[in-house]
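Trainee: Right, I'll just put the structure down here and ask away after.
The values are calculated or read from the model by the stated rules, or taken from the named source; none is laboratory data. Keep in mind the model is a prediction, meaning the values are calculated, not measured. Positions of Cβ are generated from backbone atoms using ideal geometry, with glycine treated the same way; all protein chains shown enter the neighbour counts.
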Protein chains: 2
Amino acid sequence: MSADIVPISRKQSPAPSLDPMLALTAPGMNAVNAVILDRMQSEIPLIPALAGHLISGGGKRLRPMLTLAGAELVGYQGSRHYKLAASVEFIHTATLLHDDVVDGSEMRRGKTAANIIFGNPATVLVGDFLFSRSFELMTEDGSLRVLKILSGASAIIAEGEVDQLTAQRKIGTSEERYLQIIRAKTAALFAAASRIAAVVAECDDDQERALDEYGRNLGVAFQLVDDAIDYDSDAAAMGKDRGDDFREGKMTLPVILAYARGSEEERSFWRDAISGIKSSDADLDHACSLIARHGAVEDTRARARHFADRAIDALSIFPDGKARQAMTEAARFAVARGY
Amino acid sequence: MSADIVPISRKQSPAPSLDPMLALTAPGMNAVNAVILDRMQSEIPLIPALAGHLISGGGKRLRPMLTLAGAELVGYQGSRHYKLAASVEFIHTATLLHDDVVDGSEMRRGKTAANIIFGNPATVLVGDFLFSRSFELMTEDGSLRVLKILSGASAIIAEGEVDQLTAQRKIGTSEERYLQIIRAKTAALFAAASRIAAVVAECDDDQERALDEYGRNLGVAFQLVDDAIDYDSDAAAMGKDRGDDFREGKMTLPVILAYARGSEEERSFWRDAISGIKSSDADLDHACSLIARHGAVEDTRARARHFADRAIDALSIFPDGKARQAMTEAARFAVARGY
């Protein structure tokens with residue numbers, strides 16, 4: 001789409017916002033943040049320095065927010081979820097630190113990435129520290145069901161990351177394979193973060209499954225839009241270097257769609273781009289124009305809308321109210337953000 | 001010491017051997033190895049390929065052996081310790097993979113290191129996978145006490161590794177600081193591996209503490225000798241590149257002692273070597289000769305003997321028998337190996 005055409009969808013209704021979710025979880029997030037700050041401490045000063053660089057670096061803390069929102073949804077009255085939500089954020093932070101090393105990222109959340117400032121060795125090891133801390137927190141909570149859910153999710157995340165690495169620079173990656181990767185590397189932790197709210201509240205199996213499905217579908221939608229934004233010339237700066245996926249030869253859905261729909265000449269360009277032969281800024285501009293020509297950003301968002309709708313419908317077994325509305329709007333926001 | 005003088009200690013008695021320990025734990029180690037092979041599998045083929053390169057690469061599996069020997073010592077009759085011993089080995093393997101990335105190692109256990117063959121990204125991520133798997137195994141076992149001990153040990157290992165990174169290339173590192181680092185990065189897992197045998201066997205606190213102390217002191221002795229061997233021109237090839245510590249500017253005890261005892265000229269050499277200015281093969285030869293001149297390898301072994309003696313004495317509350325004898329000889333072996 002060109003810059004002077006305003007898509008209809010932007011006019012339909014007020015843009016969905018994360019604000020109701022933020023308002024719903026604000027008091028709880030103060031408690032979670034206190035746990036995070038307390039438990040990232042260590043007598044080795046480099047650890048809180050490096051962890052704090054990322055943790056205080058303006059992440060949305062969406063995953064712990066899911067645990068808190070889920071707890072509100074099911075009317076949980078206790079306080080166990082604060083520690084567990086912090087544990088989820090530690091797992092996420094550990095993966096981000098390791099991702100930055102794996103991808104050689106230079107930017108994260110609009111700031112210089114930790115690996116650039118502190119070096120790869122410290123970044124790997126502080127990731128390990130946070131990962132261990134997350135299991136300490138879970139163990140303190142003492143629920144083996146929660147430990148099973150989160151240790152299982154952690155293994156699946158790592159598998160998804162390795163799978164993504166295997167698919168990197170492979171032009172033949174299918175949409176199905178791509179979905180499999182993002183279900184593992186992103187959606188598994190969203191699902192676990194939501195699900196554990198039902199576990200601490202001792203909900204029945206249907207409710208636990210519903211929260212899992214909400215988180216899982218939301219995670220897929222979220223990652224799809226993340227990947228769309230990386231090629232969306234209209235998107236606001238999202239804190240990561242635009243074009244990172246392109247330069248790393250990652251087969252994300254916008255590329256998969258543009259390649260599938262492209263002419264032979266376009267496909268030849270994509271083969272060179274994904275294999276790393278064409279990686280200049282001009283090549284990135286050309287890639288964005290091909291993606292725009294085939295509506296691949298819009299269609300990636302449409303795919304995301306499908307998963308967001310499934311997330312919203314998974315909540316239908318819960319009574320309507322502030323929590324369900326906030327979680328519904330968060331799913332809509334996941335699709336609309338970056339406009 | 002020069003090559004034509006045979007030290008008296010070599011003649012005193014038959015060299016201590018790991019054989020009794022190997023014999024004691026052989027049947028159990030078959031069960032542990034089966035768990036390891038089964039649980040390093042994944043649908044992502046790169047994961048077992050990379051993990052298997054290290055896991056089947058001829059490590060001694062000393063840590064899981066400690067769990068099994070401890071279980072024999074206290075007369076444990078069950079089979080829970082097989083899964084937990086595998087979990088300990090997964091934690092260890094994950095740290096080795098991450099260490100190789102952190103240190104840029106080229107060799108590990110006499111083979112090309114995984115990071116050289118598979119690259120740093122996959123090596124980091126497969127480490128994360130094994131780490132997650134280790135917590136899955138512990139969760140399946142279901143003991144929160146074991147989870148607390150092993151998640152705590154994992155956090156301490158990561159802290160020790162970061163601390164070592166902080167001390168790297170710092171000539172002023174003291175013996176006390178060095179001991180603090182190796183207690184964390186090495187001895188914490190030795191202690192946990194031994195201790196959990198007492199937990200599954202539901203031993204009393206004194207027995208649990210005794211096994212913890214045995215493992216902890218053995219771990220310190222083991223690391224001291226590892227660090228001595230890296231500068232011992234008489235030592236057999238140990239599978240790691242001789243001189244790795246030197247080139248990485250690690251302040252290990254042989255260097256700390258040689259620097260403390262050195263002339264002003266020698267100290268000047270050490271400052272240049274540890275800061276990385278002098279790192280050639282000739283510099284390494286000179287370093288080894290200075291370390292030999294001040295008896296720093298022998299004295300590092302003497303320090304190790306102190307900790308091995310403490311490990312052996314920690315076992316005194318247990319009845320004499322095959323298990324205690326094997327564990328006693330293993331501690332003597334830890335000091336003598338590499339001769």
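Trainee: Give me the pairs, please: first residue somewhere in segment A:293-321 and among the polar types (S, T, N, Q), second residue anywhere and surrounded by 24 or more Cβ atoms within 10 Å (Cβ to Cβ) and modelled with pLDDT under 95, beta-carbon distance under 7 Å, and either six or more positions apart or on two chains.
Mentor: No pair meets every condition.
Trainee: Would you be able to tell me the number of residues in segment B:33-86 that are free of Cβ contacts under 8 Å to residues at least 12 places away in the same chain and touching a Ser or Thr at 6+ places or on another chain (Cβ under 7 Å)?
Mentor: 2
Trainee: Here's a follow-up. Give the residues of segment B:139-191 that are within 13 Å of the chain's Cα centre (by Cα) and aliphatic (A, V, I, L, M), sorted by residue number.
Mentor: Matches in segment B:139-191: B:Ile157, B:Ile181, B:Ile182, B:Ala184, B:Ala187, B:Ala188, B:Leu189, B:Ala191.
Trainee: Something else now. If you scan segment B:251-266, which residues turn out to be surrounded by fewer than 22 Cβ atoms within 10 Å (Cβ to Cβ) and either of a type in the set (Phe, Trp, Tyr) or out of contact with any helix residue (DSSP H, G or I) (no Cβ under 6 Å at 6 or more places or on another chain) (or both)?
Mentor: Of everything in segment B:251-266, those that are surrounded by fewer than 22 Cβ atoms within 10 Å (Cβ to Cβ) and either of a type in the set (Phe, Trp, Tyr) or out of contact with any helix residue (DSSP H, G or I) (no Cβ under 6 Å at 6 or more places or on another chain) (or both) turn out to be B:Ala260, B:Arg261, B:Gly262, B:Ser263, B:Glu264, B:Glu265.
Trainee: What number goes with the only condition from (1) touching a residue at least 24 places away in the same chain (Cβ under 8 Å); (2) under 24 Å from A:Gly338 (Cβ atoms); (3) more than 18 Å from the chain's Cα centre (by Cα) that A:Thr112 does not pass?
Mentor: Among (1) touching a residue at least 24 places away in the same chain (Cβ under 8 Å); (2) under 24 Å from A:Gly338 (Cβ atoms); (3) more than 18 Å from the chain's Cα centre (by Cα), the lone unmet condition for A:Thr112 is (1).
Trainee: Given segment B:66-157, what helices (runs of 4 or more DSSP H) lie entirely inside it while holding 1 or more residues that are more than 8 Å from every other protein chain (Cβ to nearest Cβ), in contact with a Phe, Trp or Tyr (Cβ under 8 Å, 6 or more places away or on another chain) and closer than 24 Å to B:Gln168 by Cα? Give the steps one after another, and end with the answer.
Mentor: Numbers: elements: B:80-103, B:114-118, B:120-141.
Answer list for segment B:66-157: B:80-103.
Trainee: Continuing with the same structure: In segment B:87-102, how many residues are in contact (Cβ under 8 Å) with a residue 60 or more places away in the chain and closer than 15 Å to B:Ala188 by Cα?
Mentor: Total meeting the criteria: 5.
Trainee: While we're here: So in segment A:36-52, with the set limited to residues that are buried (at least 20 other Cβ atoms within 10 Å of the Cβ) and in a helix (DSSP H, G or I), which one is farthest from the other protein chains (Cβ to nearest Cβ)?
Mentor: First, the residues of segment A:36-52 that are buried (at least 20 other Cβ atoms within 10 Å of the Cβ): A:36, A:39-40, A:42, A:44, A:47, A:50-51.
Adding the requirement that they be in a helix (DSSP H, G or I) leaves A:36, A:39, A:47, A:50-51.
Values: A:Ile36: 15, A:Arg39: 10, A:Ile47: 6, A:Leu50: 8, A:Ala51: 10 Å.
If we take residues in segment A:36-52 being buried (at least 20 other Cβ atoms within 10 Å of the Cβ) and in a helix (DSSP H, G or I), then A:Ile36 is farthest from the other protein chains (Cβ to nearest Cβ).
Trainee: On to the next question. Which of (1) in a helix (DSSP H, G or I); (2) within 27 Å of the chain's Cα centre (by Cα); (3) polar (S, T, N, Q) does B:Ser279 not meet, given it meets every other one?
Mentor: Failing condition for B:Ser279: (1).
Trainee: Residues to consider are A:Ser263, A:Ser280; find the one that is of a type in the set (Ser, Thr, Tyr) and under 22 Å from A:Glu106 (Cβ atoms). Before the answer, list the steps.
Mentor: Values: A:Ser263 fails: under 22 Å from A:Glu106 (Cβ atoms).
Result of the check over A:Ser263, A:Ser280: A:Ser280.
Trainee: Can you work out which of the residues in segment B:158-171 that are in contact with a Leu (Cβ under 6 Å, 6 or more places away or on another chain) and crowded, with 18+ Cβ neighbours inside 10 Å is farthest from B:Gly219 (Cα to Cα)? First the steps, then the outcome.
Mentor: Within segment B:158-171, the subset in contact with a Leu (Cβ under 6 Å, 6 or more places away or on another chain) is B:158, B:161-162, B:166.
Then keep just the ones that are crowded, with 18+ Cβ neighbours inside 10 Å; that gives B:158, B:161-162.
Numbers: B:Ala158: 16, B:Glu161: 15, B:Val162: 18 Å.
Among those that are in contact with a Leu (Cβ under 6 Å, 6 or more places away or on another chain) and crowded, with 18+ Cβ neighbours inside 10 Å, it is B:Val162.
Trainee: Hey, can you tell me all the residues within segment A:272-292 that are loosely packed, with under 15 Cβ neighbours inside 10 Å and touching a residue at least 60 places away in the same chain (Cβ under 8 Å)? Walk me through it before giving the result.
Mentor: Restricting attention to segment A:272-292, the residues satisfying the condition of being loosely packed, with under 15 Cβ neighbours inside 10 Å are A:272, A:275-277, A:280-282, A:285, A:289.
Those that are loosely packed, with under 15 Cβ neighbours inside 10 Å and touching a residue at least 60 places away in the same chain (Cβ under 8 Å): A:Ser275, A:Gly276.
Trainee: A further question follows. Answer with yes or no whether A:Leu130 is surrounded by 23 or more Cβ atoms within 10 Å (Cβ to Cβ), touching an Asp or Glu at 6+ places or on another chain (Cβ under 6 Å) and within 20 Å of B:Ala94 (Cα to Cα).
Mentor: Values: surrounded by 23 or more Cβ atoms within 10 Å (Cβ to Cβ): yes; touching an Asp or Glu at 6+ places or on another chain (Cβ under 6 Å): no; within 20 Å of B:Ala94 (Cα to Cα): yes.
Criteria not met by A:Leu130.
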